[in-house]
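Taken together, the values in this text are just the output of simple stated rules run on the coordinates, not laboratory data. Since this is a predicted model, take the numbers as computed values, not measurements. All Cβ positions, glycine included, derive from the backbone under ideal geometry; neighbour counts span all protein chains shown.
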């Protein structure tokens, strides 16, 4: 190892190790594990919001991702890749190449993990929205106002992306944000046409005083029918996806079991 390698790579790593040891001692001595965890989570949330702001996360539903697991996975992949690459060669050139490759790999993992979480959040909203629409229509028929019915329907929903989004909508109106602005914010956060139609029905019902309960029931019925059609399409695709493992793995094994006595008999006859 050259002197330049020691100065550029070894000394910063030593300083970082000393800093980690001292920080760990202070954390354990002061009982600041929970504070450290909360601070790390806030940093990840801020990084996620900044990535959306600068356009790094342009996939649908990026604003709906509540978890920081994607960022933690990317950081873990970065550390593992950097350590493995650097352990083979401690030269300056290898260090720069290792950092570049590890950063690229970590960013890719963060992007893919957050995109997968966003897709799951959208699917969760699509699955729960018919229930919320039907519950709200029943509450409106019972005599509740639209705002009170929305709050009660939100409390009755299972914890998930739709419940969080409706809670955010109710909270925005509670702190004084105008109704149209709160609905528009929620419409931009959720890139789902069924949800936007649901918000449009609520807005029209509050502004024009039309029969909101019947409209929500019809909207819930249409969404349930659409979910049934999607389930049928998934079932039809499953039969096609099963064709490859059947032909490649299962059918040869079945034919081998059925024809094995005949094959063994022929083998003995030819051997004689």
A chain fully extended from residue 111 to residue 244 at 0.36 nm per residue, minus the present Cα-Cα distance, gains in nm 44.8 nm
Taking 82, 255 and counting other beta carbon atoms within 10 angstrom, the fewest-first order is 255, 82
Going fewest to most other Cβ atoms within 10 Å around each Cβ, 71, 267 line up as 267, 71
Ordering 38-45, 115-122 by per-residue average of other C-beta atoms within 10 angstrom, highest first, gives 115-122, 38-45
Once normalised by the length of region 168-272, the mean sequence separation of its alpha carbon contacts under 8 Å that are 6 or more apart gives a contact order in percent of 13 percent
So, with points 7 Å from each Cα along the Cβ direction, the residue 226-residue 72 label distance in nm works out to 3.4 nm
Inter-part gap, Cα centre of region 228-242 to Cα centre of region 160-198, in whole angstrom, is 32 Å
Exposure proxy check on 97, 154: fewest-to-most Cβ neighbours within 10 Å is 97, 154
